[in-house]
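These notes concern the structure reproduced below.
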Amino acid sequence: MFKYGKSIEAISVDEGVQRKLLGYGGSLMMTEVAFKKDAVGSNHSHPHEQVSYIIQGSFEFNLNGNVQIVEKGDSVYIPANTLHGVKALEDDCIILDVFTPQREDFLEEK
C-alpha cells in the first residue's frame, strides 16, 4: 500500500488538533497528528501499544503521571492501557504515532 501525504485528508479531532491516517494494515497503524500552540491531546488510555515520535516542535507529555518535555527527535513508548496525553508548547507541532493493533476507532472516523 502506498499513501501519499499530500493526498491524505486531515480530520479535526480536538480544538487545534488534526490527524492523518498515513498507513495501516495487518496489526499496525501509523498516524500524523498536528497541533497548534497550547492545543491538548487529552489524557486517555486504550488497549493498543503506541510509540510516539516528535517530528516537529515540543510537547509537555504526560505518561501515567510522569510529565516530561519532549521535542523534535524524541520518542515515547506507551504500553497498552496506560494513561497519557500531551500539550503543544509551540505552533505547528507534529507527532508521528504508531499503534499495534490498529486503532479500529480511527478507521471508523475516516
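Every read-out reported here was derived from the displayed coordinates using simple, explicitly stated rules and does not represent laboratory data. Treat the numbers as computed from the prediction; the structure is a model and nothing was measured.
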**Message:** Using alpha carbons only, how many angstrom separate the centre of segment 1-53 from the centre of segment 72-110?
**Reply:** 6 Å
**Message:** I need the shape label for the chain. Rule: rounded when a/c is under 1.5, else prolate if a/b > b/c, else oblate, with a, b, c from the alpha carbon gyration tensor.
**Reply:** oblate
**Prompt:** Got a sec to turn the phi values of segment 5-21 into Karplus ³J(HN,Hα) couplings, 6.51 cos²θ - 1.76 cosθ + 1.60 with θ = phi - 60°, whole Hz, x for Gly and Pro?
**Reply:** x, 5, 9, 8, 7, 7, 10, 7, 10, 7, 4, x, 10, 10, 10, 10, 8
